[in-house]
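The values are calculated or read from the model by the stated rules, or taken from the named source; none is laboratory data. None of these values were measured; they are calculated from a predicted model. For neighbour counting, all protein chains shown are included, and Cβ atoms are generated from backbone atoms with ideal geometry for every residue, glycine included. Please note that ligands, DNA and RNA were not included when accessible areas were found on the heavy atoms of the full protein model with its side chains. Shrake-Rupley method; radii C 1.70, N 1.55, O 1.52, S 1.80 Å.
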Amino acid sequence: MLSLPSILTALVALSTHAAAVNPIVVREQEFSDSVTHSRFMILGVDYQPGGQGAYGTGSGDPLSNATTCLRDAALMQTLGVNTIRCYNVDPTLNHDQCVSIFNSVGIYIIIDVNAPTPGLSIDRSDPSSSYTTSYLEHIFTVVEAFKSYPNTLGFFAGNEIINDVDTGKANPPYIRAVQRDLKNYIAAHADRTIPVGYSAADVREVLEDTWAYLECDNSGNEGTRNDTSRSDFFGLNSYSWCGSDSSFTISTYDTLVQAFSNTTIPVFFSEFGCNDPYPRAFDEVLAIYGPQMTTLSGGLVYEFTQETSNYGLVSTYSNGTAQLLGDYDTLMSQYNKLNLTLLESSNSTATSLKPPKCSAGLISNDGFSTDFTIPDPPSGAKALISSGVSSAPTGAIVSVTSTSVQAAVYATNGGQISGLAIQAASSANRPGQNGSGLSTASVSSASPTSSSASQTSMTSGTSSASGTATETGAAASASASSGAFKIDAKKFVGSVVVVGVAAWAIRRLPKSGFKDIFGRSVSEWTLELLGYWVSDFEGVRGCVYFAFGKKHPEGYVHDRFAQFM
């Protein structure tokens, strides 16, 4: 007779297995669920908390902190995304908990295999010197770390290596060489085929040639798919749709659709979301997932966490708390308008296309490479592919036992969200999958002593993150963890006076020639600081604290000014 502990263990294992998503495969122009065969459209976000600069600092890997991943997975599940892209990962770290959390909520992962460190990526200025066995060992170690997760959608072999005509001369053969080596390694050491592709810059003079060079069949047998140097998918980093005044034609999305109309591999936006003007309207979402763009396979919004470039959906802080930004609400609203039936409908014609044979005739720009002789692997690489990376850590899905988010998370109206948690899923996440979502409390800064709050609802992706705010007004002011929007009248007046006097004094300083990284003078920076006062009072107050050598009680600094801290 089975003991109670063994029964519980079996139930946990069963629930973990049931929550696993199905691997995604490539069927010519489309991604497809390997089990249901439904079309898979990418509704995603780029996810690299801390940005590229955090790599190598001990906190730059986005998939190694389970607490952070749980918080962000809950917010992404509510948002309705089904895919994230991670640019820089440390393959020596353990990613089991984070990847398992994302797997459990129906979110896939695309991993960039390169790293922003010399020797760990292809140098576009001299690709032959950087294509080494030690470089291949690094990217193969990344494969080892992520090959066993069912929600690993694919690997990017390169990102914007080609960004003008000059870099389109020597680099294309090396991109195909890296793709070949990755695919040969996966074939030798993974239990399934994992797609490998490239993420391109939206530089129109080389964009179509880059795609044509990477998608063509170089095996010598036209119409076959056994050319391992060929891209399995093609990502496009594009920011051509800017604001509500743009359109399908103004953004030139129409020309992209025409250019990729006969693609034989999935094409999608690996980055999109122009932030000028700001805040973003995300009107392009309805076009990307609408009937005019079914040739493409969706896209990834840049980006989830707020960094200095101001593209974030969520602001995060060192104490683990987070604040939803207006772009989060706007994007969720646009996602909830999508026709999900259209997104999952497969086109039989699109999945029966054959790639053209590689030839110089596919290339239109005279300066772009027409050399389809792919470099041989460097010395020792074939043996490495055959034997595998020695002692490489290999990931595996583990049970997700913690589902409730413990860190404080605040809605755009300032109300703290309670009951934030992930909900197990057995298929890809989607907008509105489980009905209502976040329910938060309105916060009135005009009534700081009020302990009541009216309820406002944000309809979203799943009910797993639903909750109500329990601390507002005086209660929030008394709590050390209640985050943004706590305003003390005396401190407010004092801070206004301090900043006002500082601005008056700085305006009268002689021009020193100082310019910040955006080219702004001290006076311009001060005026912008005042301009952001209303939009993020606590963040700006954090800057005032900093100016006097102190820290904001909760550590807040406005994201636009954190670079100066």
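Table: residues versus (1) more than 32 Å from the chain's Cα centre (by Cα); (2) free of Cβ contacts under 8 Å to residues at least 24 places away in the same chain; (3) within 30 Å of Glu144 (Cβ to Cβ); (4) not in a loop (DSSP other than H, G, I, E, B).
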{"position": "Asp371", "(1), (2), (3), (4)": "yes, no, no, no"}
{"position": "Pro375", "(1), (2), (3), (4)": "no, no, yes, no"}
{"position": "Ser379", "(1), (2), (3), (4)": "yes, no, yes, no"}
{"position": "Ser386", "(1), (2), (3), (4)": "yes, no, yes, yes"}
{"position": "Val389", "(1), (2), (3), (4)": "no, no, yes, no"}
{"position": "Ala396", "(1), (2), (3), (4)": "no, no, yes, no"}
{"position": "Ser399", "(1), (2), (3), (4)": "no, no, yes, no"}
{"position": "Gln406", "(1), (2), (3), (4)": "no, no, no, no"}
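Could you tell me which of the residues Tyr135, Tyr149 is among the aromatic types (Phe, Trp, Tyr), outside any helix (DSSP H, G or I), on the phi < 0 side of the Ramachandran plot and modelled with pLDDT of 95 or more?
Tyr149
Please work out if Ser345 is open to solvent by 40 Å² or more (accessible area, probe 1.4 Å), at negative phi and in a loop (DSSP other than H, G, I, E, B).
yes
Go through the residues of segment 299-312 one by one and say whether even a single one is modelled with pLDDT of 95 or more and over 28 Å from Phe234 (Cβ atoms).
The answer is yes; a qualifying residue exists.
Any idea how many residues of segment 172-201 are within 26 Å of Gly361 (Cα to Cα) and open to solvent by 40 Å² or more (accessible area, probe 1.4 Å)?
1
Report, ordered by the first and then the second residue, all pairs with beta carbons closer than 7 Å, sequence separation of six or more or different chains, a first member in segment 145-173 that is touching a residue at least 24 places away in the same chain (Cβ under 8 Å) and more than 16 Å from Ile374 (Cα to Cα), and a second member that is open to solvent by less than 20 Å² (accessible area, probe 1.4 Å) and acidic (Asp, Glu).
Between residues of segment 145-173 that are touching a residue at least 24 places away in the same chain (Cβ under 8 Å) and more than 16 Å from Ile374 (Cα to Cα) and residues that are open to solvent by less than 20 Å² (accessible area, probe 1.4 Å) and acidic (Asp, Glu), the close pairs are Phe156/Asp112; Asn159/Asp112.
Considering only residues that are among the polar types (S, T, N, Q) and farther than 17 Å from Ser229 by Cβ, which ones fall in segment 346-384?
Result: Ser346, Asn347, Ser348, Thr349, Thr351, Ser352, Ser364, Asn365, Ser379.
Condition first: outside any strand (DSSP E or B), hydroxyl-bearing (Ser, Thr, Tyr) and closer than 19 Å to Glu271 by Cα. Now tell me which residues in segment 56-98 satisfy that.
Across segment 56-98, the qualifying residue is only Tyr87.
For the condition of a type in the set (D, E, K, R), assigned to a helix (DSSP H, G or I), farther than 30 Å from Ser399 by Cβ and modelled with pLDDT of 95 or more, what is the one hit in Arg180, Arg124?
Exactly one of Arg180, Arg124 is of a type in the set (D, E, K, R), assigned to a helix (DSSP H, G or I), farther than 30 Å from Ser399 by Cβ and modelled with pLDDT of 95 or more, namely Arg180.
Residue by residue through segment 82-92, note down the ones that are touching a residue at least 60 places away in the same chain (Cβ under 8 Å) and touching a helix residue (DSSP H, G or I) at 6+ places or on another chain (Cβ under 8 Å).
Across segment 82-92, the qualifying residues are Ile84, Tyr87, Pro91, Thr92.
Does segment 172-187 contain at least one residue that is at positive phi and among the acidic types (Asp, Glu)?
No, the conditions are met nowhere in segment 172-187.
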